[in-house]
Structures are given as C-alpha cells and as structure tokens.
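In what follows, a single structure is set out as structure tokens and then discussed.
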Amino acid sequence: MAARVFLQRRGLAAAALAGVALMPATALAEAPAVDKRKPIYDDFEALPSPSSAPKSVPRTTEPKRDIISGSSDKALDSDSADSGLVVVQKPRGPTPTDQLAVQIGKARLALYRYAVAAEDKVNETMDCAFGLEQSFTKTLASLAPARESGEKLMPGAIYVLVAAMAGSIVTRNRNVLLRATVPLAFGIGAGWAVLPVTMRNVADLTWTYEQRFPVVRDTHLQIREGLEKGASFARVHARLGVRYVDDKVTDAREIVEGWVKQGK
C-alpha cells in the first residue's frame, strides 16, 4: 500500500515536469544592459531602449533647475533608466566669457559703423569741394572771349576801370546815390563799348542765375522792357525832332529865298 502511494506521487511529479518542459515560453539569455554612465556633453536626451520601452506614451520630465549636482544627476539617470522615461535637460546659459565676447563684437560693429559713416561724410565733403572748384573754373573759362573774336581782356579791363574811376571822380561831391550808381554805369558802358563779347557772356551768366529766383527775374524783365520802351520812344522822338527841325529849316530857307527874290 505504501509503495503504491509512493509510485503515484512519483508519477505525478514526472508528469508535472514533462508539462512544464513542453509548455512554450520565451527565455532570455541575458537581461538588457542599461548604460548608467553620465554623458560628457551638456545637451543630451536619454531615450529608452526598444526592449524596455513601455507601451504607454512616455512622459517628458524637465528639471526645474539648470544646475544639478552630481549625486542628483546620477539619481535622475538611474530613475529614468529604471522607469523608462525620457529626460530632457535645458541647455545651460552662456558663460561670462561668451557674454564678454558678444559685447566686444557689438562694440566693434558699432565702431565700424561710425568709422564708415565718418569716411562717407569726408568723401562727400571732398566731392562737393572738388565740384565747386570745377564749376568755378568752368565758369571763368566760359566768360573769356573766343579767339576768333580778336577781343583782348587786358587793355579792355584797364579801360573799364579807368571809366569807373572817372565816374567816381565826377560824382565825388554829389549825394550817395549818384556816387554809387554813376561809376557803375560808366564802367558797364565802357565794358559794352570795349569788351562786347565778354559783357555778353557775363550777361548770359547773370541771366542764368537770375532764373533761379522768379522775383529777381521778373523785376529784371520789367526793367529791361521799360528801358527798351524808353529807348525806342527816345529814338522815335529824336527822329521826329530831326524831321521837325529839317522842316523848319527848309521853311526858313524858302522864306529867305522868297525875300531875296522879291528884293531883286
């Protein structure tokens, strides 16, 4: 009886071992190695391995502080490796050396901009000065008479100065208005008489400058029209006067001749 019970128990144990051996199961030779070493770079992301990643969506945990001690980093790494969470560290702020380099770069750029602006201003000023010089020389060259005209400036200018001095001498005991206008009129008249080509060039240049100011231009035109009208009236009246005198002289001659004939 005891031997039968012993044999039944032994058979049940053998059957259980056979069932366990025949049951399908997955056996791993080694557990996945977890790298718990601290990376040498500041910006990193600790991602879970494909085998240890959970089925649910992993949460992102960010540390509240930028600077964490070594012990807390190790603890955080071990916890994240065990729990399978993604750890994202914020990049550290710029160092004082980086900030100093940025400020020096800004100062250099500002200094460069000021230097370029000053150089451009100097160049503009020099260009303006050269332009004025060229304009002045061209203006003086345009006033000179052409060689074909045969007009010479040197003796003609001396004659104009002598005429102006003569007008000043004539009006030395007169009022201020005459002493200011008569020498100018004498000089202008002598210039038109001695240097007609040069005076025409000066008049054209003066008219060019007067056109920039409408008031001066209109006044000049009115004065010129008045002078031209006065000159034409003077010429007409002079012709009428000459004709009247000729008629009177002719009439007197005829009267005298008549008296002579009657006396004979």
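The values are calculated or read from the model by the stated rules, or taken from the named source; none is laboratory data. Because the structure is predicted, anything quoted here is derived from the model rather than measured. Cβ placement follows ideal geometry from the backbone for every residue including glycine, while neighbour counts extend to all protein chains displayed. Please note that ligands, DNA and RNA were not included when accessible areas were found on the heavy atoms of the full protein model with its side chains. Shrake-Rupley method; radii C 1.70, N 1.55, O 1.52, S 1.80 Å.
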What single numbered condition from (1) touching a helix residue (DSSP H, G or I) at 6+ places or on another chain (Cβ under 8 Å); (2) surrounded by 12 or more Cβ atoms within 10 Å (Cβ to Cβ); (3) of a type outside the set (S, T, N, Q) fails to hold for Arg200?
(1)
Any residue in segment 191-202 that's without any contact (Cβ under 8 Å) to a residue 24 or more places away in the chain: show its pairings with residues that are surrounded by 17 or more Cβ atoms within 10 Å (Cβ to Cβ) and not aliphatic (A, V, I, L, M) at Cβ separation under 8 Å, as long as the two are six or more apart or on different chains.
Met199/Gly191
Would a scan of segment 150-168 turn up a residue that is small (Gly, Ala, Ser) and surrounded by fewer than 13 Cβ atoms within 10 Å (Cβ to Cβ)?
yes
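Among the listed residues Lys261, Lys229, which satisfies the condition of being out of contact with any Phe, Trp or Tyr (no Cβ under 8 Å at 6 or more places or on another chain), assigned to a helix (DSSP H, G or I) and loosely packed, with under 10 Cβ neighbours inside 10 Å? Steps first, answer last, please.
Working: Lys229 fails: loosely packed, with under 10 Cβ neighbours inside 10 Å.
The match here is Lys261.
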Restricting attention to segment 232-258, which residues are among the hydrophobic types (A, V, I, L, M, F, W, C), open to solvent by 70 Å² or more (accessible area, probe 1.4 Å) and over 30 Å from Gln211 (Cα atoms)?
Val236, Leu240, Val242, Val245, Val249, Ile255, Val256
Among the residues of segment 140-153, are any in contact with a Gly (Cβ under 8 Å, 6 or more places away or on another chain) and hydrophobic (A, V, I, L, M, F, W, C)?
no
Say whether the condition of being within 21 Å of Leu143 (Cβ to Cβ) and either open to solvent by 80 Å² or more (accessible area, probe 1.4 Å) or over 43 Å from the mean Cα position of the chain (by Cα) (or both) is met by at least one residue in segment 171-178.
no
